[in-house]
Amino acid sequence: MSGLADELLADLEGLEGGSEEEEAEEQPEAAPSTSNGLKRKAAGDVDEDMSADDEDEDGGEDTTGADGKRVEIGGLVLEGGVKPADELDAEDVQRMELGGIEDVNKIAKLEGSKRMNDILKDIEKYQANPTSAAQMALPAHLNPEYNVIVQANNLSVDVDNEILLFIRDHYAPRFPELEQLVTDPAMYIRSVRALANSEELAKVNLTGVLPPAIIMSVVVTSTTTLGKVLSGAQWAAVQRACDLADRLEEARKKIFMYVSSRMNVLAPNLSAIVGTTTAAKLLGVAGGLAGLAKMPGCNAHLLGAQKKITAGFSTATQKRHTGFIFQSELVSQTPPEYQLKVQRTVGAKCVLAARMDLERSRRDGTYGESLRDKIEKHIDRLAAPPPSKVVKALPIPNDGPKKRRGGKRYICS
């Protein structure tokens, strides 16, 4: 009996111990161990990283400024900078339908606007009385001409997507295939002027208007087009839109010449690397040369919005972690598989060039040209094919005397 009682007591003690273990399993955080704490901390870091990635997908890039504060530089503007122009997405442009609008002046708000007139007057004023080199060296917020440069550069972006779409939608009933054959906006407008509302489009002389290869495609397609001749009112609306586009193109050229001339004085070395247009955009969002010079080189390529359509019928795609530097000629001419790597190199060199311009050294732009040459050599090395495998030739045979004789041995008796 005593043995049976001992076994029952042992079973009861085992049940009590099991309940304690279950309670411990149900409340593991009551007494956390060091390893569990580290695991929870690591999991928290992962969650924070994932949330940071989500924020990165929603907005711009975060970086650390000179004062240690985090500054968003992807879609926003740094302190002292000027907001870049809002450019249209390719998808947004293609979704716009302007065929129901009869007057181009209802959509083209830029021509004759106070903003455009003020900027053109400021350009004429500063062209007549250029700012001295000492004033150009001042920070952006103290230099009135610098703000005019950035605003003029933004204005050239706004000239003017809607007009090109108006011409496309209103001329499509006459020659709907022309949009696919001539993708360049300015070339498209010239071809519309040349073709006009002719009943026989194939007989129109397009020499000097389009390249020979495109002329052949246009002539062949015009013979089978399903388009119909426009009415007088419809063609008059297209003509007015073409005239307006020509006037705005002249204003764009004037703005471009002004920005190019002043950027070559303000930042010659930076302009030598990425061009005057991209340099003006970089200084605009960075708050001037001082802001760009103080920025870490690894963050410069993130300045500015993602590349978006600037005119008409571009089909450029968007990529994350790309800014104004990605739009520069140096990066756009690089093979696609190396563009993201090259833009980081260009961004670092831009910061070096901005520091040189801030110190007013090498004003002839030779330092920027040397940096550009290094970048081009770097691109050539990236794009170069791997070295071919060297096939070594066999060694020269040694035909000297042999140490042993050949043949069968015979034993002579």
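Packing, taken as the mean count of other beta carbons within 10 Å per residue, orders the peptides 199-207, 114-122 from highest to lowest as 114-122, 199-207.
Values of log10 I(q)/I(0) for segment 341-413 across q = 0.14 Å⁻¹ run -0.69, by the Debye formula with one identical scatterer at each alpha carbon and no solvent. Each of A196 and K121 was given a label point 7 Å from its Cα along the Cα-to-Cβ line. The distance between the two points is 3.9 nm. The orientation-averaged projection of the convex hull spanning the C-alpha atoms of segment 142-298 amounts to 11.8 square nanometres.
Distances longer than 14 Å among the Cα atoms of segment 355-394: what percent of all pairs is that? Intermediate results must be reported in sequence, preceding the final value.
Numbers: 512 of 780 pairs.
Tail of P(r) above 14 Å: 66 percent of Cα pairs.
Past the 20 angstrom mark, what percentage of all C-alpha to C-alpha distances in segment 198-280 do you count? So the pairs more than 20 Å apart make up 62 percent of the total in segment 198-280.
Quick check on packing: order 221-231, 248-258 by the mean number of other C-beta atoms within 10 Å, highest mean leading.
Values: 221-231: 12.9, 248-258: 17.0.
Highest-to-lowest ranking by the protection proxy: 248-258, 221-231.
Ordering of 330-337, 287-294 by packing is 287-294, 330-337, highest average first (other Cβ atoms within 10 Å, averaged per residue).
Taking the Cβ-Cβ separation of K294 and S132 as r and a Förster radius of 22 Å, what is the calculated FRET efficiency to the nearest 0.05? Walk me through the numbers before you get to the answer.
Values: r = 24 Å, r/R0 = 1.10.
That pair, K294 with S132, gives E of 0.35.
Since every read-out is calculated from the coordinates, none of them should be taken as a lab result. Every value quoted in this text rests on a predicted model; they were computed, and no experiment measured them. No Cβ is skipped: glycine too gets one built from the backbone with ideal geometry, and neighbour counts run over all protein chains shown.
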